[in-house]
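See below for the structure under consideration.
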Amino acid sequence: MSVETGTYSKGLEGIIADETTISRIDGQKGRLFYRGYPIEELARFSDFEEVTYLLLYEKLPRQAELEEWRKRMRASRDIPEQIRAMIHGFPAGAHPMQLLQSVAAYLSATVEHTIQHSATCNCRQTLHQVVQTTSVVATYQRFSEGKGYIAPRLDLSHGANFLFMLRGKEPEEYEGRIMDACLVLHAEHEFNASTFTARVVASTMSTCYCSISAAMGALFGSLHGGANEKVLDMVEEIGGAEKVGAWMDKAIAEKRKIMGMGHREYKVKDPRSYAMEGFLKELSEKKGNGRHYEILKEIEKQFRVRMEEKGKPLYPNVDFFSGAVYTLLGIPKILFTPIFAMARVSGWLAHILEQREHGNRIYRPESLYKGPAERPYEPLSQRG
Ligand code: COA
């Protein structure tokens, strides 16, 4: 529907908001590429630190570049005392996404970032916003369990160090590898709601920290980052694979959304979901606990049959299996969305840089006014 100068599309569906070279989704074929590399290969052969380099520098690093990069990222792992105090002081019962949003904005004021209001600001030097998100999530959990701070290990991958800081014990090799690959899978996804939020704030020439803080707020919502928590609620509510059929009939009759299913872009199964499913299978076997896997596979099967009958097929997205993967890694549900943030912060930063460096223009869409026509102001004494 045309308005004076624009085109109206609810949820901006189908609107191209800018050009990007960071990632590409082929929703029809179910493919995802970061800087041209297929996500399956990055999840298998790369790790989160290398993928962060790829997102920020537009190419895979050579050996010496990678070694230097790992040193730089790892040097930011330890949390400063001020931030530890902030985590301690955060109101009990507040969601850790609220904490992350606050920490990101707080870092804006504490980290040395002298040209922060300039278009030439090189946020690639200040990796605190990427690295510390992970350390803050682990420390939040330690403190909320009444445990002490665990200083990071610099010899572990980003994902393995997260599990170490969370548990205070080195994870098994396969646990660290899977955790790190989960971060690779979540690192970037084109113009989704949180990334678009980061770009909108960056377009005003705000700091990268404030842009990331705003993106954290967008990610918190259950239609975006919060879906995998809801998937696990669903699995717990169902309780067993044999109960899925009856549960599904009722849920569909009540027009409930099946969490972890459907995607605005993918018209087939999300490629990240295949990788997550593989990790869940591996963990289920290694830990001798296949309950989540069985229930989820049955939900996938039964939902597909019912939606195909309706002529509206919908398939699993990345969130469908991820919550169960994290559960088998011993991670509590409250950390699922923060883990998404730990990964996506790399993609956000890449988009913030691209927004600023490739012909920035402030975002300012129009709205279609549906309110009252012009009318006379009513003095207070005459209002009925
Ligand atoms: N379960 C049941 N029906 C679903 C559904 C789901 N998970 N996802 C979409 N649909 C149905 C909608 O009810 C709607 O049906 P209608 O045309 O009869 O009204 C149709 O499919 C289109 O859905 P819509 O919500 O408009 O699609 P969208 O592109 O705006 O939203 C999502 C995409 C991801 C927000 C949506 O699929 C969803 O809410 N999924 C569950 C939450 C989730 O897993 N989010 C994580 C995304 S990575």
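Quick note: the coordinates plus some simple rules give every number you see, no bench work behind them. In this text the structure is predicted, and so the values were computed from the model without any measurement. Every residue, glycine as well, gets a Cβ built from its backbone with ideal geometry; the counts of neighbours run over all protein chains shown.
A few remarks follow.
- Among residues of region 169-191 being in contact with a Gly (Cβ under 9 Å, 6 or more places away or on another chain) and not in a helix (DSSP H, G or I), the one that is farthest from Phe340 (Cα to Cα) is Glu170.
- Looking only at residues in region 275-295 that are buried (at least 19 other Cβ atoms within 10 Å of the Cβ) and within 22 Å of Gly159 (Cβ to Cβ), the one that is nearest to the ligand (Cβ to nearest atom) is Met276.
- Qualifying residue in region 247-254 (condition: surrounded by 13 or more Cβ atoms within 10 Å (Cβ to Cβ), within 16 Å of Pro316 (Cβ to Cβ), without any contact (Cβ under 8 Å) to a residue 40 or more places away in the chain and more than 8 Å from the ligand (Cβ to nearest atom)): yes
- Of the listed requirements (1) within 8 Å of the ligand (Cβ to nearest atom); (2) within 25 Å of Val184 (Cα to Cα), Pro271 misses just one: (1).
- Single residue of region 1-40 satisfying the filter (among the small types (Gly, Ala, Ser) and in a loop (DSSP other than H, G, I, E, B)) that is surrounded by the most Cβ atoms within 10 Å (Cβ to Cβ): Gly30
- Selected residue [more than 13 Å from the ligand (Cβ to nearest atom) and under 23 Å from Leu335 (Cβ atoms)] from Glu237, Glu229: Glu237
- Residue match in region 199-214 (condition: within 16 Å of the ligand (Cβ to nearest atom) and of a type in the set (Val, Ile, Thr)): no
- Cβ-Cβ under 9 Å pairs, at least 6 apart or on other chains, region 369-384 side free of Cβ contacts under 8 Å to residues at least 60 places away in the same chain, far side surrounded by 10 or more Cβ atoms within 10 Å (Cβ to Cβ): Tyr369/Val3
- Of Thr52, Thr20, all but one fail to be among the polar types (S, T, N, Q), out of contact with any strand residue (DSSP E or B) (no Cβ under 8 Å at 6 or more places or on another chain) and closer than 26 Å to Tyr315 by Cβ; the exception is Thr20.
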